[in-house]
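Scroll down for the structure; my scribbles are underneath it.
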Amino acid sequence: MELILSLAIGIMAGSGIYLILRPRTFQVIIGLSLLSYAVNLFIFGMGRLRVGAPPIINPVLGSNPALYTDPVPQALVLTAIVIGFATTALFLVVLLASRGLSGTDHVDGVEPDNE
Amino acid sequence: MNPWLNHLPILPVLLPMLTGTVLLLSSDSRHGPRTALALFATLAQLVVALALLALTDGQLDGWPGGVGLYALGNWAAPFGIVLVVDRLAAVMLTLTATLGLAALVYSLARWEKAGVHFLPLFQFLLMGLNGTFLTGDLFNLFVFFEVMLAASYGLVLHGSGGPRVNAGLHYIVVNLVASLLFLVAAALIYGMTGTLNLAELPVRVASLTAGDRQLFDLGAALLGIVFLTKAGAWPLNFWLPAAYGIAVPPVGAIFAILTKVGVYALLRISVLLQDGGVAPAPFGGDWLFYCGLATLGVGTLGLFSAQKLSKLAAFLVIVSSGTLLTAFGFTGTLLTGPALYYLISSVLGSGAFFMLVEMAERNRTQVADLLAISFEAFGVESRHDSEHPDAMVGVAIPAAMAFLGLSFVSCGLLLTGLPPLSGFVGKFALLGASLDSLPNAPVLHVGLFIGALLLSGLAGIVALSRLGIRVFWDVARPTPHLQWLEAGPVAALLLICVWLAANPEPAMAYLASTSDSLYDVNAYVRTVLPIPQTSTP
């Protein structure tokens, strides 16, 4: 499971970084989304991987920490998802405004001459 | 101590949040009440910040040790979220509220109407700023950073237009990537130490195993990169001149403090992590010193390249960031007090400058600027060079021009650090402190610091007079019309600087004790974690 998770994070982060270095705004926003997925999975992984362990204390089982998974990274991931979603949505609006105002989807607002 | 005073630390976050929400929901047609509410809320923040300043100084039966703690929901520190007020936080809050009030009043004259939702966004920006200074928790630092940045994305686009959207696009991408790095850093630090509480970090770090320590250092390095990006350190600052130069003036003015947030976070975390001889690379020492020096150099070069006053103002922000980073990278702690004095004076000065620039450049067209540059470059006689040299003699100077000229000179003196204003006091104190720390600090560092500081001042004055001559001695231009709402805030900010220069002792003494209490990590940790912590990870 560790291998799958780290591969997933690595592939998404790599593709994300490649895409945000591309010249089109749409590529950049997809890159940012992929990067934020990678980061969210990474935060999740920082709580150590556990299968079948709940994050919330069950009154029947008692409060032995060995029975539970760390709830803090899950809370952090939730916050990060919300914030990431909001900022990506905002970026999408700016992207559309830029497209409308400059007539091109290049990140600099002008088409390079050699294309 | 009055029990109600204990709830003061939450107000700088709550006030702008509630005000912003009400402003967002109320209709635009209620112009009067909306303006009054925004003004009242910002004024109230200033009052609260001043009260916190007094409380941390031990007045009004303040907190013992000068550190105040506010546990949200009354959950104790390592488990709950806390707000911590010490002298440094109080100083930054006061600075934010002062600058915020000035920028808000200025914006009411015309810029607030240049787009929608200026007032609520402005309040949310203040909320993010205040929260960043108050929080005692790494993840909340991230959240308040995001609140601040989300509001700043909206504000940088205020007024719209092609160039603004384009610069805003770059600004947003850079900051989104930096935010993602922040998350990775926070997750790494949490994964290794098991805490996000800033006061608990030094306790936990001391007991890390070697392998965990490496990963922790990686997290800390990433965190440092994030803060350096926000602070506008070279080579992470290419977005800054474009975004700051293109933003509308009141936004530029409040953005003057945005870079200082990065500097503040860097200082705060570095001090906490330095305890026990652990200071990860980007937070201090040679690394930060040379990074600051490079920033200073790039900013200085940028001053010469700027062809517009607003661009020049943006580069002056980079120069002041560079100066601060270099000072904090210095060996020893002697420079912190003077650096904070310099920070206050430079934030107020650049805030005033951003607002002044727009007033001075009003009625001037891009074409006039371009012509002036090409005249200069090709040595062509200017239009009105020596046609009627006597025509202007004896003409009364309009009050508006006199005010603009005087303010421009004051801003120039402030930002380049020439006497007699507070910029000079700050730089002089910095130079003095760097010489005082000589036996401990390498001679090379002291020499480089003094040289860079003096050179950047010289470059600043050359660049400012070059552009100033072009703007102010342009006879052909009509006199701009100023409103009291616009001139007032600039004058107020400059008068504060004059006061700071005239009475440097109380400010310097307060900032020296600020620096002392900042480096007294034990007092901070003891206030936040009253129960003695066992250092088991």
Report, to one decimal in Å, the Kirkwood hydrodynamic radius for the range A:31-85 based on all distinct Cα pairs. 12.3
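Please compute the net charge surrounding residue B:117, taking Lys and Arg as +1 and Asp and Glu as -1 over other residues with Cβ under 15 Å from its Cβ.
Value of the local net charge: +1.
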Estimated translational D of the range B:424-511 in µm²/s (Stokes, Kirkwood radius over Cα pairs; 10 °C; 1.306 mPa s): 96
Compute the helix-to-body angle for A:2-20: its Cα long axis versus the longest principal axis of chain A, expressed 0 to 90° and rounded to tens. 20
Nearby lysines by direct alpha-carbon distance to residue B:230 (threshold 28 angstrom, same-chain neighbours under 8 apart not counted): B:260, B:308, B:311, B:427
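Quick one: B:142, A:26, fewest Cβ neighbours within 10 Å first, how do they rank?
Least crowded to most crowded, the residues run A:26, B:142.
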Shape verdict for chain B, please, from the Cα gyration tensor: rounded (a/c under 1.5), prolate (a/b greater than b/c) or oblate. prolate
Most exposed to least, judged by fewest other Cβ atoms within 10 Å, B:449, B:472 sort to B:472, B:449
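Using a/c under 1.5 as the rounded threshold, could you call the range B:106-234 rounded, prolate or oblate? The axes a ≥ b ≥ c are square roots of the C-alpha gyration tensor eigenvalues, and prolate needs a/b larger than b/c, oblate otherwise.
Details: a/c = 3.87, a/b = 2.20, b/c = 1.76.
In terms of gyration-tensor shape, prolate.
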How high is the relative contact order of the range A:2-102, given as a whole-number percent (alpha carbon pairs under 8 Å, six or more residues apart)? 24
Top positive-direction residue, dipole computed over chain B with Cβ charges, set B:421, B:530, B:41: B:41
R0 = 56 Å: FRET efficiency of residue B:522 with residue B:26, Cβ-based, nearest 0.05? 0.75
Using a basic spin-label model with each label point 7 Å from the Cα along Cα→Cβ, how many nm lie between residue A:79 and residue A:1? 2.5
Cα shape, the range B:224-277, gyration tensor, a/c 1.5 rule: oblate
Log10 I(q)/I(0) at q = 0.13 Å⁻¹ for the range A:2-102, from Debye over equal alpha-carbon scatterers, is -0.59
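Gain in length, residue B:458 to residue B:290, computed as 0.36 nm per residue apart minus the alpha-carbon separation, to one decimal in nm?
Details: separation 168, 0.36 × 168 = 60.48 nm, distance 2.04 nm.
Roughly 58.4 nm would be gained on extension.
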For helix B:258-274, report the angle its Cα long axis makes with the longest principal axis of the Cα atoms of chain B; keep it between 0 and 90° and round to the nearest 10°. 30
So, with points 7 Å from each Cα along the Cβ direction, the residue B:2-residue B:484 label distance in nm works out to 3.2
How charged is the neighbourhood of residue B:152? Take every other residue with its Cβ under 14 Å from the Cβ of residue B:152, and add Lys/Arg as +1 and Asp/Glu as -1. +2
With Cβ to Cβ distances under 12 Å as the rule, what net charge do the other residues near residue A:48 carry (K, R +1; D, E -1)? -1
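Give me the extension gain from residue B:402 to residue B:466: residue separation times 0.36 nm, minus the current Cα-Cα distance, reported in nm with one decimal.
Values: separation 64, 0.36 × 64 = 23.04 nm, distance 1.85 nm.
Using 0.36 nm per residue and subtracting the Cα-Cα distance, I get 21.2 nm.
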Sequence of B:75, B:4 once ranked by neighbouring C-beta atoms within 10 Å, starting from the fewest: B:4, B:75
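So what is the relative contact order for chain B, in percent, with contacts set as C-alpha pairs under 8 Å and at least six apart? Display every interim value, and only then the final one.
Values: 800 pairs, mean separation 86.7, N = 537.
About 16 percent, as a whole number.
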Looking at the P(r) of the protein assembly as shown, how many percent of alpha-carbon pairs lie beyond 42 Å? 25
Mean residue ellipticity (222 nm) of chain B, computed from DSSP H runs ≥ 4 via -39,500 (n - 2.57), nearest 500: -24000 deg cm²/dmol
With r defined as the distance between the Cβ atoms of residue B:160 and residue B:74 and R0 fixed at 41 Å, what FRET efficiency is calculated, to the nearest 0.05? 0.35
Treating the angle as unsigned and between 0 and 90°, give the value, to the nearest 10°, between the Cα long axis of helix B:11-25 and the longest Cα principal axis of chain B. 60
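Values in this text are rule-based calculations from the coordinates and carry no lab data. All of these numbers come straight from a predicted model, not from anything done at the bench. With ideal geometry, Cβ positions are generated from the backbone for all residues, glycine too; neighbour counts draw on all protein chains shown.
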